[in-house]
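Below is one structure, written out as structure tokens; the observations come after it.
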Amino acid sequence: MAPHPPAPDSHRPAPDAAGAAPDGRAVARAVAEAAREEQGGGRSLAAGIFLGRLWPAAVFPFPEQDPADRARAEPVLEAIERALREHLDPEEAERARTLPDAALKALFEAGAFRLKIPEAYGGLGFGQVNYCRAVAMVASWCNSAAIWMSGHQSIGLSTPLRLFGTPAQKAAYLPRLAGGALSAFALTEPEAGSDPARLRTRADPAPDGSGWILNGEKLWCTNGPVADLIVVMALTPPPPGAPPGRPRISAFIVETAWEGCSTGHRCDFAGYGAIHSGLLRFRDVRVPAGNLLWEEGQGLKLALITLNTGRLTLPATNTAVARQCLGIVRQWCARRVQWGAPIGAHEAVGAQVGWMAAQVFAMEAITDYAAGLVDRGGADVRLEAAIAKLFCSEAVFEVADRTLQLRGGRGYETAASLRARGEEPWPVERLWREARLNRIVEGTSEILRLFLAREALDPHLRRAGALLDPRAPRRARLWAGLRLAVTYPLWYLRRWIPDWRTPAGLPRGLRRRWRALERGTRRLARQVLYGMVRFGPGLEHRQMLLGRLVDEGVDLTVMAAVLVRAASRGYPASARLADLFCRTALARSRARRRTPVALDRAALALGREVLAGAHLDLEAGILAPAIAPAADPSPGR
Ligand SMILES: Cc1cc2nc3c(=O)[nH]c(=O)nc-3n(C[C@H](O)[C@H](O)[C@H](O)COP(=O)(O)OP(=O)(O)OC[C@H]3O[C@@H](n4cnc5c(N)ncnc54)[C@H](O)[C@@H]3O)c2cc1C
């Protein structure tokens, strides 16, 4: 569960606004830009939407799973389910702060930890959809167990190894991973969260030329305290003649049994009590030369590419949790009688149940869409994966929060306490605590918005190129200006021309929604352009405005997935779910468009005053905890 650094525009350094050194920002930007992947593969639905184009070929047909592929996974899923039911009590695991050995053994035997490893190396060779199905099923039983699995194979060593490992590295490590060795992914450090330019862990060439000497600390490394193999991102020396101050990040396969590797602290969180995540220390660890993954300087890119598909696991587990919440709410709201009727019969409750069902349908549609694209191959899924992650992680928390509210006091009570007094032990408070993490890991919501904004602006930035770069020669800027003056009027005009076609197979009742989506898509592209014209390169600093544009693009992309899924299902119930989601998203869109930029400015100005120490009276009368010296009582590995 790692971050996804933004890749904001690199055309000019930002003025210092809130205390950060301007060169720090420029370096962060340069690092992110250097690791940014260029658009590749086929046309992306989301990229088209930000450009005002609904490309039918990118959406149709919905990448539904091949029934044979689905059937292939069934026996494995059944074995995993048996392992969970027979050996894992999620509440007990949380109390014990770990998964029981019997459960781990049973899950390993069922194949849960080698799902994505190619068959040639002893794995099951699952595609993305089957993998997501398996992890989602596990999450619906015990979310901590799903984190063990995904820390190991969504972002853990097996994924970068499959993508970038040499034949020798694959032969050495993939069979070990398939055979029970646990892995982890270590990018985050105490000073480097979403900004990898602040990495301090170093790998220096060993004086005897045998490899590297690794020193540093990694924070919140999921599975780290119990892992055998970790992919570690570290700074390596710049090549001769490289521009100064530009960190060079490389990735290494590290075996935790090596001398110098230790766990400094096992962290405790609001939820996921049974995961092991901690502060890892590397002190003069000797890493053989053959354990450099990909090439020197490609470590951040490797991390980001790993995350492109790695982050599809969270939408799948989020959807599973949202389904679980819906199931609880459905039963509870029909049964609980207050004020003379089942609570679901009261308008304020019943409408929420409907909202929740539509939300689950949308989460499922965008998750299956993105995962299906991966299995279909040939598509650039970076935007769809980021959108699925952003949308589902926001949605699951709201679904869990509303579920807690509808359960009333029982929502806030633990499952164990409910069970002890003879009530249904629905673990809503645990689901709610766990749901909150998703907006932070594998790209915080803010950082994903910046990433999506960068990608949305990219075609314009590439066209405008020299015009936005104050360092470009005057001639080049003039040419760029002329080029834009010729191409943009037509581009803009086209964003006013409706496309009346609706996809074949779309239920009649949903055609209006499709047309609203098409209109919204063109409107979004125009708004992006207005932003560029109004703020120029300064648009990259208008995070609130960009955030709204991105949220609009996210809603439109999810709407497209929802409508296409409804068309592919083709029965009336899907159409009603899709219809409600679209209408809700369109209402959000209207509210967003009414938000004045002046409101952003006012909030920012006040925020700066607070950060500068004004309004301290607002904090009067509180007792703040003292910061204790760093005594570490937790045991190591
Ligand atoms: C339980 C858990 C498991 C984890 N597992 C792993 C793991 O296995 N491997 C790993 O490498 N990491 C892991 N992480 C780390 C996780 O990915 C980071 O917490 C995340 O990247 C955010 O970094 P940070 O917490 O340091 O927040 P910061 O980067 O300090 O950000 C703090 C806040 O500021 C916002 N912010 C930061 N920069 C900007 C900006 N430019 N513009 C606008 N807003 C901004 C952020 O969105 C956030 O809200 C884990 C974390 C947790 C809690």
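Kindly indicate which of Leu177, Leu124, Leu99 is of a type outside the set (S, T, N, Q), open to solvent by less than 10 Å² (accessible area, probe 1.4 Å) and in a loop (DSSP other than H, G, I, E, B).
On the way: Leu177 fails: in a loop (DSSP other than H, G, I, E, B); Leu124 fails: open to solvent by less than 10 Å² (accessible area, probe 1.4 Å).
Of the residues listed, the single one that is of a type outside the set (S, T, N, Q), open to solvent by less than 10 Å² (accessible area, probe 1.4 Å) and in a loop (DSSP other than H, G, I, E, B) is Leu99.
Which residue is nearest to Pro167 (Cα to Cα), if the candidates are limited to the range 270-299 and must be assigned to a strand (DSSP E or B) and more than 16 Å from the ligand (Cβ to nearest atom)?
So the first thing to find is which residues in the range 270-299 are assigned to a strand (DSSP E or B), and the list is 277-288, 292-293.
Applying the additional criterion that residues be more than 16 Å from the ligand (Cβ to nearest atom) yields 283-288, 292.
Values: Arg283: 29, Asp284: 27, Val285: 24, Arg286: 22, Val287: 18, Pro288: 16, Leu292: 13 Å.
Per the stated criteria, the residue is Leu292.
Does Ala197 satisfy the condition of being hydrophobic (A, V, I, L, M, F, W, C) and at pLDDT below 95? Steps first, answer last, please.
Numbers: hydrophobic (A, V, I, L, M, F, W, C): yes; at pLDDT below 95: yes.
In short, yes.
Mind telling me which of the residues Glu109, Glu86, Glu94 ends up being within 16 Å of the ligand (Cβ to nearest atom), open to solvent by 10 Å² or more (accessible area, probe 1.4 Å) and not assigned by TED's automatic domain parsing to the domain that holds Cys392?
Working: Glu109 fails: within 16 Å of the ligand (Cβ to nearest atom); Glu86 fails: within 16 Å of the ligand (Cβ to nearest atom).
Within the list Glu109, Glu86, Glu94, the selection yields Glu94.
Just to be sure I understand, how many residues within the range 298-325 are out of contact with any helix residue (DSSP H, G or I) (no Cβ under 6 Å at 6 or more places or on another chain) and surrounded by fewer than 19 Cβ atoms within 10 Å (Cβ to Cβ)?
Matching residues across the range 298-325 total 0.
Hydrophobic (A, V, I, L, M, F, W, C), more than 27 Å from Glu92 (Cα to Cα), more than 16 Å from the ligand (Cβ to nearest atom) and open to solvent by 10 Å² or more (accessible area, probe 1.4 Å): is that true of Ile117 in this structure?
Details: hydrophobic (A, V, I, L, M, F, W, C): yes; more than 27 Å from Glu92 (Cα to Cα): yes; more than 16 Å from the ligand (Cβ to nearest atom): yes; open to solvent by 10 Å² or more (accessible area, probe 1.4 Å): no.
When the stated conditions are applied, Ile117 does not pass them.
What residue, of Leu616, Leu599, is modelled with pLDDT under 95 and not assigned by TED's automatic domain parsing to the domain that holds Gly509? Show your work before the answer.
On the way: Leu599 fails: not assigned by TED's automatic domain parsing to the domain that holds Gly509.
None of the others qualify; the one that does is Leu616.
Could you please let me know if Asp284 is more than 20 Å from Asn223 (Cα to Cα) and crowded, with 23+ Cβ neighbours inside 10 Å?
Working: more than 20 Å from Asn223 (Cα to Cα): yes; crowded, with 23+ Cβ neighbours inside 10 Å: no.
Criteria not met by Asp284.
Go through Asp9, Asp69 for me and flag whichever is open to solvent by less than 50 Å² (accessible area, probe 1.4 Å), at pLDDT 95 or above and touching a helix residue (DSSP H, G or I) at 6+ places or on another chain (Cβ under 8 Å). Break it down stepwise before answering.
Numbers: Asp9 fails: at pLDDT 95 or above.
Result: Asp69 is the single residue among Asp9, Asp69 that is open to solvent by less than 50 Å² (accessible area, probe 1.4 Å), at pLDDT 95 or above and touching a helix residue (DSSP H, G or I) at 6+ places or on another chain (Cβ under 8 Å).
Answer yes or no as to whether Arg198 is farther than 27 Å from Leu88 by Cα, more than 16 Å from the ligand (Cβ to nearest atom) and open to solvent by 60 Å² or more (accessible area, probe 1.4 Å).
Values: farther than 27 Å from Leu88 by Cα: yes; more than 16 Å from the ligand (Cβ to nearest atom): no; open to solvent by 60 Å² or more (accessible area, probe 1.4 Å): yes.
Here the answer is no, as Arg198 does not meet what is asked.
State yes or no: is Trp258 among the aromatic types (Phe, Trp, Tyr) and more than 16 Å from the ligand (Cβ to nearest atom)?
Details: among the aromatic types (Phe, Trp, Tyr): yes; more than 16 Å from the ligand (Cβ to nearest atom): yes.
So Trp258 fits the description; yes.
Restricting the range 221-255 to residues that are away from the ligand (no atom under 16 Å from the Cβ) and small (Gly, Ala, Ser), which is nearest to Ala172 (Cα to Cα)?
Going through the qualifying residues, I end up with Ala242.
Checking Trp432 against (1) away from the ligand (no atom under 16 Å from the Cβ); (2) in contact with an Asp or Glu (Cβ under 8 Å, 6 or more places away or on another chain); (3) open to solvent by 40 Å² or more (accessible area, probe 1.4 Å); (4) not basic (Lys, Arg), which single condition isn't satisfied?
Just one mismatch for Trp432, condition (1).
Given (1) farther than 22 Å from Tyr121 by Cβ; (2) within 16 Å of the ligand (Cβ to nearest atom), where does Met137 come up short, assuming only one miss?
With respect to (1) farther than 22 Å from Tyr121 by Cβ; (2) within 16 Å of the ligand (Cβ to nearest atom), Met137 is out only on (2).
Restricting to the range 149-174, name every residue that is within 11 Å of the ligand (Cβ to nearest atom) and assigned to a helix (DSSP H, G or I). Give the derivation first.
Within the range 149-174, the first condition is being within 11 Å of the ligand (Cβ to nearest atom), and the residues that meet it are 150-152, 154-156.
Passing the criteria: Ser150, Gly151, His152.
Restricting the range 398-424 to residues that are touching a Leu at 6+ places or on another chain (Cβ under 9 Å) and among the hydrophobic types (A, V, I, L, M, F, W, C), which is most open to solvent (accessible area, probe 1.4 Å)?
In the first step, residues of the range 398-424 are kept if they are touching a Leu at 6+ places or on another chain (Cβ under 9 Å); the result is 399-400, 403-404, 410-412, 424.
Filter once more, so that each one left must be among the hydrophobic types (A, V, I, L, M, F, W, C): 399-400, 404.
On the way: Val399: 0, Ala400: 1, Leu404: 20 Å².
Among those residues, the one meeting the criterion is Leu404.
All but one of (1) more than 30 Å from Pro100 (Cβ to Cβ); (2) open to solvent by less than 10 Å² (accessible area, probe 1.4 Å) hold for Trp294, so report the exception by its number.
All conditions pass for Trp294, except number (2).
What single numbered condition from (1) touching a Lys or Arg at 6+ places or on another chain (Cβ under 8 Å); (2) within 16 Å of the ligand (Cβ to nearest atom) fails to hold for Glu446?
The single condition Glu446 does not satisfy is (1).
Within the range 331-345, can you find the residues that are out of contact with any Asp or Glu (no Cβ under 9 Å at 6 or more places or on another chain) and assigned to a helix (DSSP H, G or I)? Break it down into steps so the answer makes sense when it comes.
Residues of the range 331-345 that are out of contact with any Asp or Glu (no Cβ under 9 Å at 6 or more places or on another chain), as a first pass: 333-345.
Of everything in the range 331-345, those that are out of contact with any Asp or Glu (no Cβ under 9 Å at 6 or more places or on another chain) and assigned to a helix (DSSP H, G or I) turn out to be Cys333, Ala334, Arg335, Ile343, Gly344, Ala345.
Filter the range 201-220 for residues that are more than 9 Å from the ligand (Cβ to nearest atom) and under 28 Å from Gly180 (Cβ atoms); which is most open to solvent (accessible area, probe 1.4 Å)?
Within the range 201-220, the subset more than 9 Å from the ligand (Cβ to nearest atom) is 201-217.
Retained after the next criterion (residues that are under 28 Å from Gly180 (Cβ atoms)): 201, 203, 211-212, 214, 216-217.
Numbers: Thr201: 1, Ala203: 1, Gly211: 9, Trp212: 27, Leu214: 2, Gly216: 15, Glu217: 54 Å².
So the residue we want is Glu217.
Kindly check whether there is at least one residue in the range 181-191 that is surrounded by fewer than 21 Cβ atoms within 10 Å (Cβ to Cβ), within 12 Å of the ligand (Cβ to nearest atom) and part of a loop (DSSP other than H, G, I, E, B).
Step one: of the range 181-191, the residues surrounded by fewer than 21 Cβ atoms within 10 Å (Cβ to Cβ) are 181, 190-191.
When the remaining residues are screened for being within 12 Å of the ligand (Cβ to nearest atom), the result is 190-191.
Next, only the ones that are part of a loop (DSSP other than H, G, I, E, B) stay: 190-191.
Yes: one or more hits.
The values are calculated or read from the model by the stated rules, or taken from the named source; none is laboratory data. None of these values were measured; they are calculated from a predicted model. Neighbour counts are summed over all protein chains in view; Cβ atoms, including those assigned to glycine, are modelled from backbone coordinates with ideal geometry. The protein model used for the area step is the full one, side chains on, heavy atoms only, and it has no ligands, DNA or RNA in it. Shrake-Rupley method; radii C 1.70, N 1.55, O 1.52, S 1.80 Å.
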